[in-house]
1. Go through segment 94-118 and report how many residues are modelled with pLDDT of 95 or more and within 12 Å of the chain's Cα centre (by Cα).
2. Could you please find all residues in segment 91-117 being surrounded by fewer than 18 Cβ atoms within 10 Å (Cβ to Cβ), of a type in the set (Gly, Ala, Ser) and closer than 22 Å to Ser67 by Cβ?
3. Give, as residue ranges, the strands (runs of 3 or more DSSP E) completely inside segment 58-135 that count at least 2 residues that are free of Cβ contacts under 8 Å to residues at least 40 places away in the same chain and not hydrophobic (A, V, I, L, M, F, W, C).
4. Can we say Pro111 is in contact with a Cys (Cβ under 8 Å, 6 or more places away or on another chain) and not polar (S, T, N, Q)?
5. Restricting to segment 40-60, name every residue that is closer than 19 Å to Pro114 by Cβ and buried (at least 17 other Cβ atoms within 10 Å of the Cβ).
6. Return the residue satisfying two criteria in turn: it lies in segment 43-57 and is assigned to a loop (DSSP other than H, G, I, E, B) and either more than 13 Å from the chain's Cα centre (by Cα) or of a type in the set (A, V, I, L, M) (or both), and of such residues it is farthest from Glu88 (Cα to Cα).
Amino acid sequence: MSGSGGVELCEATDGVEGGTLEGKPVVIVTIKGAKSGRIRKTPVMRTRQGDTYVVVASAGGATRHPSWYHNLKAHPLIRLRDGSTVIEVAAREVHGEAKARWWAVADAHWPHFPEHRATAGREVPVFALEPIPAG
């Protein structure tokens, strides 16, 4: 899944189509732009443990953080689509032991994360996305 076409297909089919990358599931995060304030929808690997999702700002091993990283830092309350389920979540960047635990979960879901860390030449940020109770 890449680009807005995959996001549009996923949303148009209520998550039935367009929700995978190399056969692995993705989720769509809807974030307000840090500078523009415009709504941005980005597919990221579906990595989840219990009710908490984790997103990795690896940008495929690029030397710079993805643009959504800056958006998420500026606006940590976001919407997440996992198939037909849409929830509000609060994002927090994790560090230390918590980050190590989430890396283990992320690596189990997406085998390319270790190579991304190796080629990025930077500390790759990891965020825990926790559901916001309704009401």
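1. Of the residues in segment 94-118, 0 are modelled with pLDDT of 95 or more and within 12 Å of the chain's Cα centre (by Cα).
2. Answer for segment 91-117, where residues must be surrounded by fewer than 18 Cβ atoms within 10 Å (Cβ to Cβ), of a type in the set (Gly, Ala, Ser) and closer than 22 Å to Ser67 by Cβ: there is none.
3. Here the list reads 85-93.
4. Numbers: in contact with a Cys (Cβ under 8 Å, 6 or more places away or on another chain): no; not polar (S, T, N, Q): yes.
Here the answer is no, as Pro111 does not meet what is asked.
5. Answer for segment 40-60, where residues must be closer than 19 Å to Pro114 by Cβ and buried (at least 17 other Cβ atoms within 10 Å of the Cβ): Val44, Met45, Arg46, Thr47, Val54, Val55, Val56, Ala57, Ser58, Ala59.
6. Ala57
The values are calculated or read from the model by the stated rules, or taken from the named source; none is laboratory data. As the structure is a computational prediction, the values presented were derived from the model and not from experiment. For neighbour counting, all protein chains shown are included, and Cβ atoms are generated from backbone atoms with ideal geometry for every residue, glycine included.
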